[in-house]
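What follows is a set of notes on a single structure, which appears directly below.
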Amino acid sequence: MATAGGILDQLNKASSAEDFFALLEVDYDPQVVNVVRLHILRRMGQYLVSENFEGQADDAIRVRCKEVLEQAYADFLASSPLQERVFKVLKEAAQPPKPKPMVSLTVLK
């Protein structure tokens with residue numbers, strides 16, 4: 001069972017992406033994390049949103065969180081924030097511009 005002071009509590013108190021990597025003992029390139037830290041953490045959250053840790057042992061939760069952080073990190077090693085689009089502003093940037101209404105010249109006579 002998850003206990004007070006368990007990994008989820010520690011992650012909730014983490015103040016940086018580096019803290020997440022350290023707590024979960026995931027190796028990372030500081031230069032990569034420096035550029036895409038928020039994207040990695042957001043993706044990790046997206047992956048974890050459907051997880052149910054109720055009644056699970058802290059060790060099992062730690063292993064699952066580590067797997068998810070590794071996957072989120074790998075996503076941004078293989079791709080870019082613009083390609084992954086985890087934030088609304090980037091999702092909206094991908095939408096094609098709305099066509100401007102066109103008025104036929106014959107209507108203007």
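No value in this document is a laboratory result; all are computed from the given coordinates. Just so you know, these numbers come straight off a predicted model, no measurement behind them. For neighbour counting, all protein chains shown are included, and Cβ atoms are generated from backbone atoms with ideal geometry for every residue, glycine included.
Computed over every Cα-Cα pair of the stretch 2-60 and binned at 5 Å starting from 0, the pair-distance distribution P(r) comes out as 4, 16, 25, 28, 17, 8, 3, 0 percent.
Over all other residues within a Cβ to Cβ distance under 11 Å of Asp19, the charged ones net out to +1, with Lys and Arg as +1 and Asp and Glu as -1.
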